[in-house]
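Remarks on the structure that follows.
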Amino acid sequence: MKIKTLKKVLFVFISFLLLIAVTIFSLEYFSSYKTSKTIHLDAPVITRKSIVINAPVEKVWKIFSDVNNWGTWQKEIVTPRIDGSFKPGTSFYWKSNGLNITSTLQTVKTNKMVGWSGPAFGAFAIHTWYFNEQNNQTTITVEESMEGWLVSLLKSNFQSSLDTSIDYWLTALKAESEK
C-alpha cells in the first residue's frame, strides 16, 4: 500500500515539475520585446539616477565606451566582450549579478548618449546613458527599464537590485574617471 501511495505522490510531483518547466519554456519562447532608443515608461521596473564626475566628458566617454575593459573598474561585470566597434547595431556580451546578458547598441552619440537593450532570462532591459559636460565636470544620467514575466513576478526584488546596481555602476565610473 505504501509503494502505491509513494508512486502516486512521485507522479504528481514529477507532473508538477513538468508543468512548471513547460510554463517557463512557453513564457520565454513566446515573449517578445520591443527595442527602442529610450526606456519603456510603462515597464514594471524603472530606475533613473545621476552623478557628477569631476572629469571632462571625453575622458569619461573613453572609459565608458571601452566595453572590453568594464570589468577592470566595474567589479559586478564579468567577462565583457564587444564584437566590433562601439556603434549602433553592435552587440556585446557580459555577465552581471550571475546573469549572462547579450545587449545591442541602439544609439551612440559620442560624448552625448548611449542606449542599448537586451534580454536575459525572464527579463528585457533598456539602458540609456546621457553625458553632459559643464565647467570641466560631466553629469551622467542613466535610465533603465526592465520588463518581462520574471520582472513582473518579482518586481520589488528587481527594483531594489537595479537601484543598487546602477548606484554601484555610477560610483565606480566616477572613481575610475577621477583617477
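The values are calculated or read from the model by the stated rules, or taken from the named source; none is laboratory data. Bear in mind that the values here come from a model prediction, so they are computed numbers and not experimental data. We place every Cβ from the backbone using ideal geometry, glycine too, and count neighbours over all the protein chains shown. With ligands, DNA and RNA removed, areas are computed over all heavy atoms of the protein, side chains included. Shrake-Rupley method; radii C 1.70, N 1.55, O 1.52, S 1.80 Å.
Residue pairs whose Cβ atoms lie under 6 Å apart, sitting 6 or more positions apart in sequence or on different chains, and linking a residue in region 48-61 that is in contact (Cβ under 8 Å) with a residue 40 or more places away in the chain and within 12 Å of ASN111 (Cα to Cα) to a partner that is among the aromatic types (Phe, Trp, Tyr) and open to solvent by 20 Å² or more (accessible area, probe 1.4 Å), do not occur here. All conditions in (1) of a type in the set (Ser, Thr, Tyr); (2) part of a helix (DSSP H, G or I); (3) surrounded by 15 or more Cβ atoms within 10 Å (Cβ to Cβ) hold for THR107, with the sole exception of (2).
The sole residue among ASN132, ASN136 that is open to solvent by 30 Å² or more (accessible area, probe 1.4 Å) and in contact with a Ser or Thr (Cβ under 9 Å, 6 or more places away or on another chain) is ASN132. When restricted to residues that are in contact with an Asp or Glu (Cβ under 9 Å, 6 or more places away or on another chain), of a type in the set (Phe, Trp, Tyr) and open to solvent by 30 Å² or more (accessible area, probe 1.4 Å), region 139-171 contains 2. Considering region 43-66 alone, what residues qualify as being touching a strand residue (DSSP E or B) at 6+ places or on another chain (Cβ under 9 Å) and within 13 Å of TRP169 (Cβ to Cβ)? THR47, LYS49, SER50, ILE51, ILE53, VAL60, PHE64 - these are the residues of region 43-66 that are touching a strand residue (DSSP E or B) at 6+ places or on another chain (Cβ under 9 Å) and within 13 Å of TRP169 (Cβ to Cβ).
Filter region 122-170 down to residues that are in contact with a helix residue (DSSP H, G or I) (Cβ under 6 Å, 6 or more places away or on another chain) and part of a helix (DSSP H, G or I) and give me whichever is farthest from VAL52 (Cα to Cα). Among residues in region 122-170 that are in contact with a helix residue (DSSP H, G or I) (Cβ under 6 Å, 6 or more places away or on another chain) and part of a helix (DSSP H, G or I), the one farthest from VAL52 (Cα to Cα) is TRP149. Residues that are more than 12 Å from the chain's Cα centre (by Cα), farther than 27 Å from PRO44 by Cβ and not hydrophobic (A, V, I, L, M, F, W, C) occur in region 154-176; there is at least one. Output the number of residues of region 1-48 satisfying the condition of being of a type in the set (A, V, I, L, M, F, W, C), closer than 30 Å to SER145 by Cα and at pLDDT 75 or above. The number of residues fulfilling the criteria is 5.
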